[in-house]
Amino acid sequence: MALMPARPVRVTVFVRLKLRMLAHGLRGRGRRVVTFAVSLAVGLWLAVAGFLLFLTSGAVGRDIGYAMASFGGASLVLGWLLPPLLFFGVDETLDPARFALLPLPRRTLATGMLAGAVVGIPGLATALAMLGVAVAGGLRAGPAGVSVAVLGGALNLLLCVVLSRAVTSGFAALLRSRRVRDLAGVVIALVAASMGPLQLVISSTLGHASLAPALRIARVLGWTPLAAGFVAPYDLADGRPLLVPVRLGIVAGTVALLGWWWAVTLESAMIGVAGGPGGSRPVRDGVVRTLLPAVLRPAARPGQFAGIAARELRYWSRDPRRRSSLISIIVGGAVVPVALRLAPGHSAGVPLPLAVAFTSVAGAAILANQFGFDGSAYAVHLLAGVPGRTELRARAAALSVIMVPVLLVIVVAVAVFGEERGQLIATLGTAAAMYGASMAVASVLSVLVAYPVPDSRNAFASAGGSASAKGLVAFIGMVAAVVSASPVLMAALVLPGRLSWLVLPAGLAWGIAGVLVTTRVIGSELDRRGPDLLGEISLRS
Amino acid sequence: MLDGAQPALSLRGLVKRFDAKLAVGGVDLDVPTGSFYGLLGPNGAGKTTCLSMAVGLLRPSQGRAYVLGHDVWADPVEAKRRLGVLPDPVRMFDRLSGPELLAYQGLLRGMPPDLIETRANELLDVLGLADAGRTLVVDYSAGMKKKIGLACALLHAPRLLVLDEPFESVDPVAGSLIRDILHRYVETGGTVIFSSHVMEVVEKICSHVAILADGRIKAVGTLNEVRAGRDLEDVFVEVVGGRVATGEELTWL
């Protein structure tokens with residue numbers, strides 16, 4: 001049979017397809033309509049907000065307007081970049097993979113997908129916001145300003161779309177891999193954990209802000225593709241029209257480059273590459289050396305202790321559940337003392353040793369259910385007959401490799417920036433005592449009250465009902481750690497200044513002894529109830 | 001006393017109750033040294049529960065388990081030194097690479113680093129896992145996971161191997177490789193007991209068979225004793241009490 005003669009496929013086909021799919025969004029069942037309505041409302045809201053922002057930038061003073069246009073434009077472009085990275089290709093209505101079986105030239109496919117991508121809520125919202133840029137350009141530099149702004153806006157819209165598409169398809173292979181999904185989980189945890197500190201920083205910056213540094217950053221941004229298109233009208237207003245084509249050229253060149261990269265990577269996105277790179281590097285240095293991280297090699301003889309500590313260290317960075325807990329603990333541990341000591345209005349409130357108490361015992365919160373993270377893999381330790389004492393000490397040691405430097409940096413930083421250098425030595429002592437106590441308490445809790453932690457792709461998922469238990473056990477652990485270090489804490493508060501150095505050796509001894517004695521006692525309990533512990537932390541299927 | 005003088009594994013009156021449910025109701029079993037023992041049973045028969053109690057992962061409600069004469073629950077250290085286990089569902093620290101996992105296993109077992117080095121590399125080679133390099137075990141295929149699990153169980157050269165469903169979800173190539181390795185292990189004096197519900201595999205490689213159903217041993221002996229000249233599958237279905245189609249039902253098919 002003869003092949004059907006093929007007519008060239010026009011771009012409008014893709015646009016119509018996309019429009020039809022959008023329309024279907026309105027027709028579907030309840031949830032889909034609601035999703036569509038919500039995204040429409042959010043898109044509209046963002047569009048109006050962006051429009052007003054750019055409009056205002058044309059009406060206020062020149063420097064402020066420049067900064068607004070530059071920052072506003074850059075965040076708009078970045079706003080297009082982040083969602084596909086975080087949520088893996090937000091808009092799948094025109095997924096390249098679905099066209100894999102159709103005999104389409106790469107060029108047709110690329111232009112069609114591009115046109116389809118512009119038609120959609122984000123594209124329309126961005127276009128609406130760009131109208132504000134055009135009006136502002138008119139306010140700054142008359143009709144010529146309008147045309148420059150329209151051209152710059154159109155190029156930037158194209159940049160936004162191409163950027164998000166290129167990232168989605170360029171990283172398609174990567175985004176399908178577990179490794180990158182894990183990474184995204186960490187990014188989300190980091191963003192969530194830094195919301196508080198960010199607020200603190202922004203509000204304190206706004207308190208005594210001056211425009212000069214912001215303007216300097218805005219000028220630099222103005223020469224990057226992120227904001228070049230948005231500040232181009234200002235060159236006209238400043239009487240330097242020759243700079244306009246340069247700035248627009250920067251944006252156009254970036255669009256062309258990304259477009260080319262996108263077209264190249266489209267094919268692999270259609271096919272879907274499995275596996276991913278980096279996996280098959282050979283192991284050169286020998287298997288034991290591969291397992292033991294460099295920090296542990298000089299410190300510990302290869303054996304059960306070094307092995308468990310090494311595996312734990314790897315797991316703090318490789319297990320997304322552990323990683324996100326660790327990140328929240330570190331961020332929280334940094335924020336609380338800063339908020340207590342450095343925030344304006346609180347300076348004379350809390351004594352330094354108490355201000356860093358939370359930071360010192362925060363480790364207890366994540367170690368209190370350390371076996372729960374292992375789940376049924378703990379059977380390996382049980383089968384190898386690892387002594388409970390070694391088990392608990394190796395785990396505490398591994399976390400300390402990460403937490404002790406963090407704690408040290410935070411305590412020193414808070415003491416130095418809070419003008420409390422005199423109390424630094426004593427505070428290090430109380431921190432050591434409380435940290436040791438937190439490791440000891442967490443060891444006890446982790447053996448006696450363990451519960452399963454589901455292994456999920458979502459770093460925030462938790463088994464129904466266990467979330468509250470988790471919070472409670474962690475809280476008990478932290479309070480108990482502070483209480484059991486209270487003698488050292490008291491000493492730090494009552495000792496006169498010239499004797500306060502005594503707190504450091506006392507705190508170190510208290511902490512280390514606490515860990516050694518507790519792990520010895522609870523270690524033999526662990527030897528007895530190991531199989532029962534395994535049952536408690538294994539998820540029933 | 002010589003280890004070979006007594007059964008490699010013997011179970012005495014093992015009972016396990018979960019709340020009101022009786023999962024294993026008194027199992028007695030002797031696995032002779034040097035045998036290739038198949039523990040057969042339908043899904044939910046209590047095979048995993050039984051083997052978990054035998055190796056010290058699940059505390060029995062009653063009864064005892066001995067590995068080469070050492071009580072698993074009273075003298076776990078000596079028993080576990082002689083024991084290699086492939087648990088199922090595969091319980092491993094799967095965010096390590098294959099080589100890391102083997103090194104970890106070796107260190108946990110207290111082996112000297114150079115011995116770990118030679119054995120791990122040989123196992124990775126033989127099992128065709130050397131090419132996987134630094135890929136994490138969590139990203140391995142099902143067959144590769146079984147193979148690395150088997151490597152972990154073999155690394156310290158145990159005298160008794162307890163394998164839970166070693167041939168489940170394994171492709172024929174990996175399956176026959178695992179079979180060859182286990183055969184060689186038995187020929188050099190090792191003992192294997194494994195659970196399965198795949199008759200063909202059991203019939204092909206086992207010297208002894210026990211059939212477990214509803215938490216009790218229903219038939220036990222050498223393969224030929226249990227078969228008694230019949231097809232193993234027929235014996236199995238009869239012993240377990242499964243329903244055999246008579247040809248009267250589903251006539252509309």
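Read-outs throughout are calculated quantities, based only on the coordinates presented, and are distinct from any laboratory measurement. Note that the structure is predicted; figures quoted are calculated from it, not measured. Neighbour counts are summed over all protein chains in view; Cβ atoms, including those assigned to glycine, are modelled from backbone coordinates with ideal geometry.
What FRET efficiency, computed as 1/(1 + (r/R0)^6) with R0 = 35 Å and r the Cβ-Cβ distance, is obtained for A:Ala513 and B:Arg134, rounded to the nearest 0.05? Write out the running numbers ahead of the final one.
On the way: r = 40 Å, r/R0 = 1.15.
Working from the Cβ atoms, E equals 0.30.
Could you quote the convex hull projected area for the range B:112-253, Cα atoms only and averaged over all directions, in nm²?
On the way: hull surface 49.2 nm².
Quarter of the Cα hull surface area: 12.3 nm².
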remark   = Long-range amide H partners of B:Val85, meaning residues 5 or more apart or on another chain whose placed amide H is closer than 5 Å, are B:Val162
key: 5 angstrom amide H check on B:Leu9, placed H, neighbours 5+ away   = B:Val31, B:Leu68
Per-selection Kirkwood Rh - the range B:106-176 (Cα, Å, 1 d.p.) = 13.0
note = Amide H contacts under 5 Å for B:Leu136, restricted to residues at least 5 apart in sequence or on another chain and with H modeled in the peptide plane, are none
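Where does chain B land at 222 nm, in deg cm²/dmol rounded to the nearest 500, when only DSSP H runs of n ≥ 4 count, each adding -39500 (n - 2.57), divided by all residues? Spell out each step's value before the answer.
Values: 9 runs with 90 residues, N = 253.
When only DSSP H runs of four or more count, the value is -10500 deg cm²/dmol.
Find how much the distance from A:Leu472 to A:Leu128 grows on full extension, using 0.36 nm per residue of separation minus their present alpha carbon separation; answer in nm with one decimal.
Values: separation 344, 0.36 × 344 = 123.84 nm, distance 4.88 nm.
Full extension of this stretch gives 119.0 nm more.
So what's the range A:362-461 giving for Cα Rg divided by 2.2 N^0.38 Å, two decimals? Please report the intermediate quantities before stating the final value.
Working: Rg = 16.7 Å, N = 100, 2.2 N^0.38 = 12.7 Å.
The range A:362-461 yields a ratio of 1.32.
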note = Note: the range B:1-160, point scatterers on Cα, Debye, no solvent; log10 I/I(0) at q = 0.08, 0.10, 0.13, 0.18 Å⁻¹ equals -0.27, -0.42, -0.69, -1.14
ask   = Which links in B:Lys147/B:Lys218; B:Lys21/B:Lys47; B:Lys146/B:Lys218; B:Lys16/B:Lys80; B:Lys16/B:Lys147; B:Lys16/B:Lys146 stretch past 23 Å when you go from one Cα to the other?
value = B:Lys147/B:Lys218; B:Lys146/B:Lys218; B:Lys16/B:Lys147; B:Lys16/B:Lys146
ask   = What is the Rg over Rh value, at two decimals, for the range B:173-242, using alpha-carbon atoms and the Kirkwood definition of Rh?
value = 0.99
